[in-house]
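Everything on this sheet refers to the single structure shown next.
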Amino acid sequence: MKQTLEKLWEQHGEDHFIEVLSDFLTEKQSVTIEGTSCWTLLKVPPEFDPDNVIEAAYSCRKPKLKMSIAELNDRFRQGDTSLGITCMTRNVQALPVNKLAQLIKLVRSFDKFTSNNDPYNEHDLAVVELDGIRYFYKIDYYDREAFRKGQDLGSDDPSNPDKTWRVGLLMCADEY
């Protein structure tokens, strides 16, 4: 069933996948072929539960969503300014220019994500060290339109760069 759900995902795209699947299941448009109920593109046993299929669809969707967020965060951290802005605390701003350049280079090249430092696989926190001092680079997600209007609203879809404005904050670890 997972492969069928993935095909449905590819056909309808992220924005409409669950909506389309829910509509099909809610309408209960089925046909029985050789003892199997066929719900549009899904072949499921006759005793199937629509809620389980929707739950399976969500679990199918999550890894793709998280990977997309991680990829977008990697691009942003590496310098793609079309995805957001980076801010830094006063302590970081006070670094000599050559040290600040080294620190930015460390953040941009950071790729040591593990299940311990990145439990949600979003690549939204980089921890680097320069001259014995630990620094954090934390990415937060904001609604792009609200941010333009000066409103502080979190994004409901961090995987969509058209809807999400990233704000990266570079700080000393003791400022966290």
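Computed from the C-beta positions of R148 and T114, the FRET efficiency with R₀ = 30 Å rounds to 0.30.
Work out how much length L106 to L125 would gain on full extension: take 0.36 nm times their residue separation and subtract the Cα-Cα distance, in nm to one decimal.
Fully extending the segment from L106 to L125 adds 5.6 nm.
Its Cα gyration tensor gives region 72-154 an equivalent ellipsoid, and the semi-axes of that ellipsoid, as √(5λ) in whole Å with the largest first, are 23, 18, 11. Computed from phi, the 3J(HN,Hα) profile of region 128-136 under the Karplus parametrisation 6.51, -1.76, 1.60 (θ = phi - 60°) reads 10, 10, 9, 6, x, 10, 8, 10, 10 Hz, with x in place of Gly and Pro.
Where a number appears in this text, it was derived from the coordinates with a stated rule and is not lab data. A quick note: this is a predicted structure, and the numbers were derived from the prediction, not measured. A quick note on method: Cβ atoms are made from the backbone with ideal geometry, for glycine too, and the neighbour counts reach across all protein chains shown.
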